[in-house]
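Contents: one structure, followed by commentary.
The values are calculated or read from the model by the stated rules, or taken from the named source; none is laboratory data. Given the structure is predicted, the values throughout are model-derived calculations rather than measurements. Because the Cβ atoms are built from the backbone with ideal geometry, glycine has one as well, and the counts that use them run over all protein chains shown. Surface accessibility is based on the protein's heavy atoms, side chains included, excluding ligands, DNA and RNA. Shrake-Rupley method; radii C 1.70, N 1.55, O 1.52, S 1.80 Å.
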Amino acid sequence: FVWFPSPACFCEDMTWTAVGGCAKGVAGSCWVSPATPATVPGRLVSAPASFAPEQETGFAGAPALAGAASPLGVVAVAAGTAAAASASRRRRATRKQVRRLVAQTDVEYKSLCKEEDAPDSMRRRFEKACADAQEKICKAIEDLDGGATFCRDPYTRETGGGGIGRVLTNGNVFEKAGVNLSVVYGEMPQEALAAATERGVDRVGTKLAPGEKVPFFACGLSSVMHPKNPYCPTMHFNYRYFETSTGVWWFGGGTDITPSYLDEEDMKHFHGTYKEVCDEFNPEWYPKFKDWADRYFYIKHRGETRGLGGIFFDDFNSESQDEHLKFSTACLEAVTKAYIPVLEKNMNKEFTQEQKDWQQIRRGRYVEFNLVYDRGTIFGLKMLPTGAGRIESILMSLPETARWQYCHEPKEGSPEAEITKCYQTPREWV
């Protein structure tokens, strides 16, 4: 066994995968075993924090771990006589596996676009902008958290394209943070097209026969970050590019914030950052996109917004493709500038259980919006039967914990009541 302080796993067939590169992997420090005799069904186990990184031992050298369950629910399997007898051979094999595993942890991004897509096509250029932003944002969030790291979960689709899932869990600051890149080729059923764009099936520019599907390409970067501290807001962004076989293209996206407690200075900073980005391109865009966000992120059955907005736009092709790419790239680059200062200000504040409960109630509202109204979630779910959807990516936005409390109403005059009024009546922040 070899101690790794970063995510690692090997699958049921006893083969190694890249760090964090397997859906069956465990995020966090763990002991991992290379291929072992079939008589010894070795699996992931968690080692005590007192063990030093890269400390090696035979299977029988970790008796305290045998048969114990890790905090992540992965059962540690006790060693047998065969494992102890072959410890030396396994250690030699492990060293080789370690070299391969470490070599895979810093992999240069390879395009998921099809070979026939030209190097200077908008498909590849937008994908590169998303891939660059994914790396930069994940690095900034890891540095801030200081405890957990993002796993890397690459995948491909039979229809072409694929994606890279990056998820961080149980960190010092974050309960869960995900930044997912997706490249999709496929055929949209008309009900999926209706979810993909505000204009619905009219967006393709031609009349569709009943049941006719629309060949399309889509690329996007989507993220949701759920901090632990109730004073730290949840943040979401998504930037995407669509093309259809009819020659129609459009951009969409936005960044929005969902605090559980109101801090007006934080909201001025967040909204002000995106106003500056919009103003560089068109002074009319921020008020337009801010209002669009307030309308889009509205929970109709609750009569309130999901959070305190940001910017949102869709069906956007009023400018040249190059100009739209520049704008989307600038919005992606503004994510950490808008969000990280808010986290740094609030992440070490003390809070009560009552405040944590309120955060969980607001998380419940987040879940309601995403599963009932969010077009991205609905589009993804409707694409599942076509083979172009991926359920883990679709539901990545959901928090790990949430709360629904029967007939809950915040106390009049409380901080909870104060921000509820902001959910019910959106206001201007800058």
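In segment 105-141, of all residues being hydrophobic (A, V, I, L, M, F, W, C) and over 21 Å from the mean Cα position of the chain (by Cα), the one that is least open to solvent (accessible area, probe 1.4 Å) corresponds to M122.
Here F297 does not qualify as within 19 Å of A330 (Cα to Cα) and not β-branched (V, I, T). Taken as a whole, the condition of being open to solvent by 60 Å² or more (accessible area, probe 1.4 Å) and either under 18 Å from the mean Cα position of the chain (by Cα) or under 16 Å from A402 (Cβ atoms) (or both) applies to V372. Meeting the requirement of 1 or more residues that are in contact with a Lys or Arg (Cβ under 8 Å, 6 or more places away or on another chain), the helices (runs of 4 or more DSSP H) wholly within segment 332-401 are 335-346, 353-372, 375-383. Taking segment 321-369 as the range and being in contact with a Pro (Cβ under 6 Å, 6 or more places away or on another chain) and open to solvent by less than 20 Å² (accessible area, probe 1.4 Å) as the test, the residues that pass are Q359, R363.
A Cβ distance below 9 Å, combined with a sequence gap of six or more or placement on separate chains, defines the contacts here; from segment 396-412, residues that are under 20 Å from F237 (Cα atoms) and touching a residue at least 60 places away in the same chain (Cβ under 8 Å) reach residues that are open to solvent by 90 Å² or more (accessible area, probe 1.4 Å) and assigned to a loop (DSSP other than H, G, I, E, B) in the pairs E400/N170.
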